[in-house]
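**Student:** Below is the structure I would like to discuss, written out as structure tokens.
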Amino acid sequence: MLFKDVICKKRDGGTLSAEEIDMFVTGLADGSLPAEQVSALAMAIFLKSMNFEEAGALTLAMAKSGVMLDWSEEGLDGPVVDKHSTGGVGDKVSFMLAAIAASCGCYVPMISGRGLGHTGGTLDKIVSIPGYNPTPGLDVFRKVTKEVGCAIIGQTSDLAPADRRLYSIRDISGTVESIPLITASILSKKIAAGNRALVMDVKVGTGAFMKNIEEARALARSIIGTAKAADLPTHALITDMSQVLGDTAGNSVEIEETVQYLTNNRRDPRLDEVVLALAAEMLVTGGLADNRDVALERADEAVTSGRAVEVFGKMVAALGGPVDFIERYDHFLPKAPVVVPVLPEMEGYVSFVDARAIGNAIIELGGGRKVANDVLDLSVGFDRIAPIGAKVGPDRPLAFVHAASKDAADRAAKSLRAANRISDRKPADSVVIHDILTSA
């Protein structure tokens, strides 16, 4: 069988067989398929999609392309539960969530990715912490998860190697938004990591890959249905990404907001609602709470009591970061040499935000990738971002830009102004959590 024939079959709308999908995954994992052919099939899938059986076969084949973790031998006294987001701008939820869930009795082996398209990557943000080892090896991953309760690492060569290669090619080939490829990528890593339950954060809005609620629900159902076939109970929340989540977007600036949140000093209302709702769903799916109201109270108490930030600090130290990171985060995080306010062109209320444009502005600052091997400037981004509904003007900037130079800051400021629409009338509050789906 020639792989070119597989590409042509999907290009013409055909259904790939299990044998053809296995051929694709084997070639991804061992490198025998050139990037050009991988990109071609990814584009064919993007244009022609996959049915449920194809997506399920691709998911399981990629999960089995490397090591499959089994936590049953570790003697854990709680459920192994994870969360995954489809990606957005300013989405630092994973850091808070892993610590909160772990402090409530879950074990969270979180395998995260680099930035994809205009969205920031959890892995890129966590390596803003000096010394933090994002690829510690599976033995350390197991040890930290068992002893601390959570570990956030990058995808290693051992776990779902086929997905690791496809992920990087999707990022630069215009195929990021494909529902079956998103589904297979997410679930293959979660299944390989040995999770027994999963909570999905499916983003919708200007900063998400899913632009409308119908697309978001289609993706959520695809993930839940595929996960069910793989015996992985999965719930999905559809959450708003019509603006930056929280008041920071970048790498180190989002880690700073994470610490501020976990120390109960600065909890942006929209970010807080998403974090607590996802945490509650993790406790419910893991069997640690009978209902969402009880779970929400437990999640909030984990923050206010200081238990969650203690877990986060232990995880950072266990994976090579500073033992006093929580106390001295401002000393450790990289800082941009230029920090300037971005003033709006007119006074009024923020009424619309093109969050994707803000994500792209961070890429132009050097905080995201244009090509796969770009080296990031972890210090750049935006903070103190005005949300929709905020009054802005001469004394209230749209945000502060963190940049490597004045010219870069000026370009980013221009992009930020263009991404915001200002009105003389304050808009109505928008919905943060659109839906919760629990079955296919």
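The values are calculated or read from the model by the stated rules, or taken from the named source; none is laboratory data. If you're wondering where the values come from, they're calculated on a predicted model, not measured in any experiment. No Cβ is skipped: glycine too gets one built from the backbone with ideal geometry, and neighbour counts run over all protein chains shown. Side chains are part of the model used for accessible areas, which takes the heavy atoms of the whole protein and leaves out ligands, DNA and RNA. Shrake-Rupley method; radii C 1.70, N 1.55, O 1.52, S 1.80 Å.
**Student:** Tally up the residues in segment 7-40 that are more than 16 Å from residue 62 (Cβ to Cβ) and assigned to a helix (DSSP H, G or I), please.
**Tutor:** 10
To keep it simple, each residue is scored yes or no on (1) open to solvent by 10 Å² or more (accessible area, probe 1.4 Å); (2) modelled with pLDDT under 95; (3) among the aliphatic types (A, V, I, L, M); (4) in a helix (DSSP H, G or I).
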| position | (1), (2), (3), (4) |
| --- | --- |
| 43 | yes, no, yes, yes |
| 46 | yes, no, no, yes |
| 55 | no, yes, yes, yes |
| 102 | yes, no, yes, yes |
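**Student:** Another question about this same structure. Would you mind finding the one in 62, 96, 50 that is open to solvent by less than 30 Å² (accessible area, probe 1.4 Å) and either under 30 Å from residue 383 (Cα atoms) or among the acidic types (Asp, Glu) (or both)?
**Tutor:** 96
**Student:** Would you kindly identify the strands (runs of 3 or more DSSP E) lying entirely within segment 265-384 that contain at least 2 residues that are open to solvent by 70 Å² or more (accessible area, probe 1.4 Å)? Outline the logic, then answer.
**Tutor:** Numbers: elements: 338-342, 348-353, 381-383.
Fully inside segment 265-384 and qualifying: nothing.
**Student:** Of the conditions (1) in a loop (DSSP other than H, G, I, E, B); (2) among the hydrophobic types (A, V, I, L, M, F, W, C); (3) under 24 Å from the mean Cα position of the chain (by Cα), residue 416 satisfies every one except a single condition; which number is it?
**Tutor:** It fails just one condition, (1).
**Student:** Then there's this: Inside segment 107-223, counting only strands (runs of 3 or more DSSP E) that do not spill past its ends, which hold 2 or more residues that are open to solvent by less than 10 Å² (accessible area, probe 1.4 Å) and either over 29 Å from residue 433 (Cβ atoms) or touching a Pro at 6+ places or on another chain (Cβ under 6 Å) (or both)?
**Tutor:** The strands (runs of 3 or more DSSP E) meeting that bar are 150-154.
**Student:** Here's a check for you: in segment 10-31, which residue that is modelled with pLDDT of 95 or more and open to solvent by 50 Å² or more (accessible area, probe 1.4 Å) is nearest to residue 225 (Cα to Cα)?
**Tutor:** 15
**Student:** Of all the residues that make up segment 385-408, how many are over 21 Å from residue 257 (Cα atoms) and buried (at least 19 other Cβ atoms within 10 Å of the Cβ)?
**Tutor:** 2
**Student:** Let me ask you something else. Picking from 243, 260, which residue would you name as being of a type in the set (S, T, N, Q), at pLDDT 95 or above and assigned to a loop (DSSP other than H, G, I, E, B)?
**Tutor:** Sole residue among the options that is of a type in the set (S, T, N, Q), at pLDDT 95 or above and assigned to a loop (DSSP other than H, G, I, E, B): 243.
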